[in-house]
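The values are calculated or read from the model by the stated rules, or taken from the named source; none is laboratory data. Bear in mind the structure is a predicted one, so any value in this text is a computation, not a measurement. Note: accessible area is taken over every heavy atom of the protein model, side chains too, but ligands, DNA and RNA are not part of it. Shrake-Rupley method; radii C 1.70, N 1.55, O 1.52, S 1.80 Å.
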Amino acid sequence: MNNPHENAVKQIDEVAALLAPLYPDKNRFDAAIARLKNPDQIIEGKLQITMDDGSTQEFQAYRSQHNNARGPYKGGIRFHPGVTKEEVMALSTWMTWKCAVTEIPYGGGKGGVVVDPRKLSSRELQELSRAFARLVADHVGPWVDVPAPDVNTTGEIMSWMVDEWQKVKIAKGESLQANPLATFTGKPLGLGGSEGREEATGLGGVFVLERLVAKLFSAKPKNEVRVAIQGFGNVGYWFAFHAHRLGYKVVAVSDSKGGIYADGGLDPVEVAEYKKQNGKLGSVKASVQTITNEALLELPVEIVVPSALENVITDQNAAQIKAKAIIEMANGPVTPEADQILEKNGVTVIADVLANAGGVTTSYFEWVQNLQGYYWKKEEVLAKLQPLMETAFDQMWELKTQTNQSARMATYMKAVKRVIDAMMLRGWV
Ligand code: NAD
């Protein structure tokens, strides 16, 4: 895979070519597009921490703030050895689009630290998290930039960052204006987190599934719409749970060790229970076959739902996909090369920035609750999520139909246009 930031820029150029006719003032439009190709600001530095053995180690850290025309920057912080500046820049760009897709009032941001957190003790991890909060302290806040967990970061890590950020504000005499809980989302329930956040991404994807099925498979009863889901973690499990609850036939699921397939369908709750008891996916209720992660993607089903890793559908396997539709619940599971093959073969791909936007949308609800100091029940949170996801899908589908573009391109056109319009309203270009 080439430089992810170059990919993000290439996407902007593709979308710009389609949006250009809508903007009579070419100079303003070109200036907006040029600005979107780079983040507004990147905060970077080395986080120095004392290790348990007394030595000192440094870890490179970044926070990329891509665009805040529609509201404060928003996006996760990942702790991973593979983090690069270009990756963080690209991810912050995609967050700008993701927030615009469901029209939540945020721009895009992303953070990262080059570290393998499994090699740190809990104390070292806490020190690293606090050091990150200090690095970005003057650049994050409820109306500035609102970080969240991402790969290898947790509610506990957000709690440490909340606490450290508050300490910095108190030390500077700024604590009266500061709202630490509304500065980070993805927090545990005991420290200002939101009910419903855990299942929000998966459920949000199932709201999209319902809309998509009404467009593509309206003639089929739900129990004949077969769904294969790669990944059985937070996103994959809750997608499977709600799809099954609504009557869809979940025929395959997988995790990092491999997958299982049952012709007659699986009960995700029972499969999760089996995994808990036996340490691997399986079922006592259904007769299951084991299946590889690669074969799962190529099953003869209506819909494939990659919910684990990026770049799993590539130019190597795209031609073998038999499903009519793919819902990208993971970030970036389909490569640009695979996208072209899928489009030629008539496979509808619902882009990650729409399909998995239920997560950041519920983070937005968490922030709203923190700002008002008044907390909602789970049912209320999830009921608020539904219309935002459905409207995002419907608007995308209408534009796709009008323009005859792919679902991914229609999603990007909607999102990029909203950001350009906000920049123009502000008089930035
Ligand atoms: P998770 O760690 O809870 O689950 C990941 C799952 O993928 C696990 O079941 C794991 O066994 C499986 N997996 C790991 N390696 C695999 C492999 N080689 N083949 C098949 N499966 C493999 O993570 P998650 O929170 O469910 O996130 C999954 C994806 O969704 C990621 O791309 C993430 O960025 C994206 N995402 C998550 C959220 C969220 O709210 N959690 C929001 C938006 C996007």
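See the values below:
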quantity: Restraint check, Lys324/Lys384; Lys10/Lys400; Lys26/Lys400; Lys98/Lys384; Lys220/Lys322; Lys222/Lys344, Cα-Cα greater than 22 Å; calculated: Lys324/Lys384; Lys26/Lys400; Lys222/Lys344
quantity: Among Tyr248, Tyr364, Tyr274: highest mean-square fluctuation, GNM of the chain, C-alpha pairs under 10 Å; calculated: Tyr274
quantity: Volume in Å³ per residue [convex hull over Cα atoms, computed for the range 265-362]; calculated: 116
quantity: Gaussian network model of the chain, Cα within-10 Å springs - most flexible of Phe207, Phe393, Phe59; calculated: Phe59
quantity: Share of carbon and sulfur in the accessible heavy-atom surface of the chain [1.4 Å probe, %]; calculated: 50
quantity: Within straight-line cross-link reach of Lys167, lysines at Cα separation under 25 Å, skipping those fewer than 8 residues along the same chain; calculated: Lys46, Lys74, Lys110, Lys187
quantity: Largest to smallest accessible area among Arg78, Arg245 [probe 1.4 Å]; calculated: Arg245, Arg78
quantity: Expected 222 nm ellipticity per residue - DSSP helices of 4 or more, -39500 (n - 2.57), all of the chain, to 500; calculated: -15000 deg cm²/dmol
quantity: Length released on extending from Asn278 to Glu103, taking residue separation times 0.36 nm less the Cα-Cα span; calculated: 58.7 nm
quantity: Surface/4 estimate of mean projected area, convex hull on alpha-carbon atoms of the range 112-244, nm²; calculated: 10.6
quantity: For the chain: relative contact order, % (alpha-carbon pairs under 8 angstrom, 6 or more apart); calculated: 16
quantity: Axial C-alpha extent at least 20 Å, average Kyte-Doolittle at least 1.6 - helices from the chain (DSSP); calculated: none
quantity: Residue-level accessible surface for Ile42, protein heavy atoms, 1.4 Å, Å²; calculated: 50
quantity: Antiparallel DSSP beta bridges within the range 194-429, as percent of all bridges there, nearest 5; calculated: 30
quantity: Rule-of-thumb Rg ratio for the range 1-125 [Cα; 2.2 N^0.38 Å; N residues]; calculated: 1.27
quantity: Separation between Cα centres of the range 268-314 and the range 158-187, rounded to whole Å; calculated: 41
quantity: Exposure rank, largest accessible area first [Ser194, Ser256, Ser121; 1.4 Å]; calculated: Ser256, Ser121, Ser194
quantity: The chain - convex hull of the alpha-carbon atoms, volume per residue in Å³; calculated: 146
quantity: Kirkwood Rh in Å, taken over the range 41-186 so that all alpha-carbon pairs contribute; calculated: 15.1
quantity: Selected from Leu212, Leu266, Leu246 as most flexible by GNM, with the chain as the system and alpha-carbon contacts under 10 Å; calculated: Leu246
quantity: Per residue accessible area of the range 41-186, 1.4 Å probe, in Å²; calculated: 37
quantity: Stokes-Einstein D (µm²/s) once Rh is taken as the Kirkwood radius of the range 52-135 over alpha-carbon pairs, at 4 °C in 1.567 mPa s; calculated: 95
quantity: The range 194-429 pair-distance distribution - Cα-Cα, 5 Å bins, rounded %; calculated: 1, 7, 14, 18, 19, 17, 12, 7, 4, 2, 1, 0, 0
quantity: Added length on full extension, which subtracts the Cα-Cα distance from 0.36 nm per residue, Gln386 to Ala319; calculated: 20.8 nm
quantity: Cα centroid of the range 337-409 to Cα centroid of the range 59-127, whole Å; calculated: 20
